[in-house]
Amino acid sequence: APNIASADSVYTTISPRTNVADDIQSIYKLIFWLSLIVFIGVQFGVVWTSVRYRRRSDDEARPPQIHGNKMIEIIWTIVPAVILLVIFIPTVKTLFDHENIASAGEKNGYVVDVVGKQWWWELTYTHPDSVANVITANELYLPVDKPVTINLESNNVIHSFFVPQLSGKLDVIPGHINKMGFTTPSTPGVYYGECAEYC
């Protein structure tokens, strides 16, 4: 049976169906696990500090107050910087890879011009010649396992083109063309999208 998106996975970002969506999911997993480690570390620190330095009786003297610790301040500056660097490097690499994918699809795949309108999308197929000048509204039909480049533009306000199982969200800006590229899934399916900004 073909892989058809069902009502329980209409707008999911955690079941990618293309190479590009899979890259985005990998970055999401990296951020999730790093965030979980930080969360557990902070919770452990709060519990340990609460137990270790709790006031045991009303007669116990208040401990001396310490203001500033250079080593601790250096540590809590370096650790977040390292975490951000671990997130930054694969994110930037993925952005450049996706830009190259979008450019490569123009040469040997399907090219579709998408114009954001008020309340709908106008889609014009421009390549290959067999489908050139076919125009549809709101629905994009593509063959399986083919490279696709989508040229996004608006004729009014900023929109945001988002089909979560196929690619990331990309802004659609008046007077500027943004490119999105991916290879379609190898099995047929229905993938829902939306304008994720102003319509």
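The values are calculated or read from the model by the stated rules, or taken from the named source; none is laboratory data. Please read these numbers as outputs of a predicted model, since none were measured by experiment. Reconstructed Cβ throughout: ideal geometry from the backbone, glycine too, with neighbour counts over all protein chains shown. Side chains included, ligands, DNA and RNA excluded: accessible areas come from the protein's heavy atoms. Shrake-Rupley method; radii C 1.70, N 1.55, O 1.52, S 1.80 Å.
Observations on the structure shown:
- Per-atom-type breakdown for the chain gives carbon and sulfur 62% of the accessible area (1.4 Å probe, protein chains only).
- Ordered by 1.4 Å accessible area with all protein chains kept, R55, R17, R62 run largest first as R62, R55, R17.
- Cβ crowding within 10 Å averaged over residues, with 43-50, 25-32 ranked highest first: 25-32, 43-50
- Annotation: peptides 135-146, 160-171, ranked by per-residue average of other Cβ atoms within 10 Å with the highest first, follow the order 160-171, 135-146.
- For the chain, DSSP calls about 70 percent of its internal beta bridges antiparallel.
- Over 21 Å between alpha carbons, listed pairs K146/K179; K29/K146; K93/K117; K93/K179: K29/K146; K93/K117
- Among 109-115, 152-158, 76-82, the peptide with the highest mean count of other Cβ atoms within 10 Å heads the list, and the full ranking is 109-115, 152-158, 76-82.
- Normalised per residue, the accessible area of region 84-139 is 64 Å², obtained with a 1.4 Å probe and no contribution from ligands, DNA or RNA.
- Per residue of the chain, the DSSP helices (runs of n ≥ 4 H) give a summed -39500 (n - 2.57) that works out to -13500 deg cm²/dmol at 222 nm.
- With Cα atoms, 0 to 90° folded angle of helix 19-52 axis to the chain main axis: 10 degrees
- R0 of 22 Å, Cβ-Cβ distance V157-N100: FRET efficiency to nearest 0.05: 0.15
- Shape call, region 154-199: gyration tensor on alpha carbons, a/c limit 1.5: prolate
- With Cα atoms, 0 to 90° folded angle of helix 70-108 axis to the chain main axis: 10 degrees
- Which labelled figure in (i) 130; (ii) 197; (iii) 140 is volume of the Cα convex hull per residue in Å³, once derived from the coordinates: (ii)
- For region 100-199, share of DSSP beta bridges that run antiparallel, in % to the nearest 5: 70 percent
- E73 exposes around 90 Å² of accessible area when a 1.4 Å probe is run over every protein chain in place.
- FRET efficiency, 1/(1 + (r/R0)^6) with R0 35 Å, evaluated for V46 and Y11 via beta carbons: 0.50
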